[in-house]
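The values are calculated or read from the model by the stated rules, or taken from the named source; none is laboratory data. Note that the coordinates shown come from a computational prediction; the quantities given were computed from them, not determined experimentally. Note that each Cβ is placed from the backbone with ideal geometry, even for glycine, and that neighbours are counted across all protein chains shown.
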Amino acid sequence: MSTLAVVGSVFGLGVAGLDPFGALLVVPALAAGARRRVVLLFFATAWLTTVLTGLVLGESVQHVVAWLRDALSVPDPVRLVAQLVAAAGLGVWAARRWVRRHDPAPERKRSVLAGPVAMSLAGIFWGVSALSDPTFYALATVGASAPSLLAGAAVFTGWFLVSQAPLCLVVLALAAGKDSPPVRRAVALARRTARPAADVLTALLAATAVLLAANAATFVSGGAYWPV
């Protein structure tokens, strides 16, 4: 594959995998008091983990896909119990969030969630979560054809920068200072929308619990799950 074809593939797959949620995670962290270096730490760990995950995936992409397919093909009784437990857990979580929706978040909890350890772990999780993106597997086939490890790392770095463009824009804005106008506006928006966003998350948790319970009930009554 020519260099131009590789660049085009990386850019196209990055656009197809465009993900705004990295920025949506960082901006509330800034609103909660995260320091600039902590946000940069999140960005660095997410980038490095994405690259390492891609390099490890490498030429074994087909084997990984097959393994995931087999791992998800669990026996029906096990799936039934798992769905019921998940539905109960998510339902309780949603109910607790709804009851406590007007309680202020403890300052200690805010500082811990915006601290370097929590943000580093979030960055690692964010990098590994690339495995949930179908474009990442297509990218792995491009990276596997790279002539060297460095070239492969460049392939995954390019995809990360394109797919995480909103996060990159936040990091670039931070380069002008945490008190720069773009950062102040983003933080103000995050604070204004924090309550509605929390309510939406609660509703999503409750809806997921209901769907899981309904799917389990479908199996009990009809002997088959929904095709999901």
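Would you say Leu48 is surrounded by 14 or more Cβ atoms within 10 Å (Cβ to Cβ) and at pLDDT 75 or above?
Yes: the conditions hold for Leu48.
Can you give me the number of residues within the stretch 108-119 that are modelled with pLDDT of 85 or more and surrounded by fewer than 12 Cβ atoms within 10 Å (Cβ to Cβ)?
Of the residues in that region, 1 qualify.
Out of Ala94, Ala146, Ala122, Ala105, report the one residue that is more than 16 Å from Phe11 (Cα to Cα), more than 20 Å from the chain's Cα centre (by Cα), at pLDDT 75 or above and surrounded by 12 or more Cβ atoms within 10 Å (Cβ to Cβ).
Details: Ala146 fails: more than 16 Å from Phe11 (Cα to Cα); Ala122 fails: more than 20 Å from the chain's Cα centre (by Cα); Ala105 fails: at pLDDT 75 or above.
The conditions single out Ala94.
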